[in-house]
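Down below is the structure, laid out as structure tokens.
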Amino acid sequence: MENRVAVLSIIVENEDAVGELNELLHRFSKYIIGRMGIPYRQKSINIICIAIDAPNDEINSLTGALGRIKGITAKATYSKI
């Protein structure tokens, strides 16, 4: 299966979910190109951006698993190429 490049946008509203989030990202680490995290203290949330190069099924699997963690919202945006 051909790889796709995507960006995952993640909002963390529940600090207790960070351990599960990091464990999940570690499982997909072979696909992760880079990661940027921004703490937004005024709103008590964290914003994370993940660049990933992976098969479409793996990107969907990761995004879905992230979305099932309580206090985490995740969306994927795919490149056209």
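Per-structure values
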quantity	calculated
Residue-averaged [θ]222 nm for the chain, counting only DSSP H segments that reach four residues, each worth -39500 (n - 2.57)	-8000 deg cm²/dmol
Residue order, fewest to most surrounding Cβ atoms within 10 angstrom, among THR77, THR63	THR77, THR63
Whole-Hz ³J(HN,Hα) from phi, Karplus 6.51 cos²θ - 1.76 cosθ + 1.60, for the stretch 76-81, glycine and proline x	10, 10, 9, 6, 7, 10
Computed label-point distance, nm, for sites SER29 and ILE11 using a 7 Å Cα→Cβ extension	2.9
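FYI, it's all coordinate maths here, none of it is from the lab. Predicted model only: the values in this text are computed from it and were never measured. Cβ: placed from backbone, ideal geometry, glycine included. Neighbour counts: every protein chain shown.
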